[in-house]
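Let me begin by presenting the structure, written as structure tokens, before commenting on it.
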Amino acid sequence: MNKLTQPVPEREDFSAEPSEAELEAWFERNRDALKESLDVARRQLAEGRSDKRTIAEIIAEGTRRHLAKR
């Protein structure tokens, strides 16, 4: 999985939603990485290499893996 190159700036209040300006700045910093990630996903989809599981199945598997680590 591609990791974005610029982290979201740390804030004191983690419960607050980022402002529209903060989100726009984050998207601008990560524009190239996001575009590349979407390009890779589109190529994989066109080649038939997409995951056939539903979102619920993917979440259930992630939950099982997380609980198994405990």
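The values are calculated or read from the model by the stated rules, or taken from the named source; none is laboratory data. Worth saying up front: this structure is predicted, and the values here are computed from it rather than measured. Here Cβ is always computed from backbone atoms with ideal geometry, including for glycine, and neighbour counts include all displayed protein chains. The protein model used for the area step is the full one, side chains on, heavy atoms only, and it has no ligands, DNA or RNA in it. Shrake-Rupley method; radii C 1.70, N 1.55, O 1.52, S 1.80 Å.
On the stretch given as the range 16-40, residues that are outside any helix (DSSP H, G or I) and in contact (Cβ under 8 Å) with a residue 12 or more places away in the chain total 1.
Residue pairs whose Cβ atoms lie under 9 Å apart, separated by 6 or more positions or on different chains, with the first residue in the range 56-70 and touching a residue at least 40 places away in the same chain (Cβ under 8 Å) and the second outside any helix (DSSP H, G or I), do not occur.
For the range 41-61, how many residues are part of a helix (DSSP H, G or I) and either open to solvent by 50 Å² or more (accessible area, probe 1.4 Å) or at pLDDT below 95 (or both)? Counting residues in the range 41-61 that are part of a helix (DSSP H, G or I) and either open to solvent by 50 Å² or more (accessible area, probe 1.4 Å) or at pLDDT below 95 (or both) gives 11.
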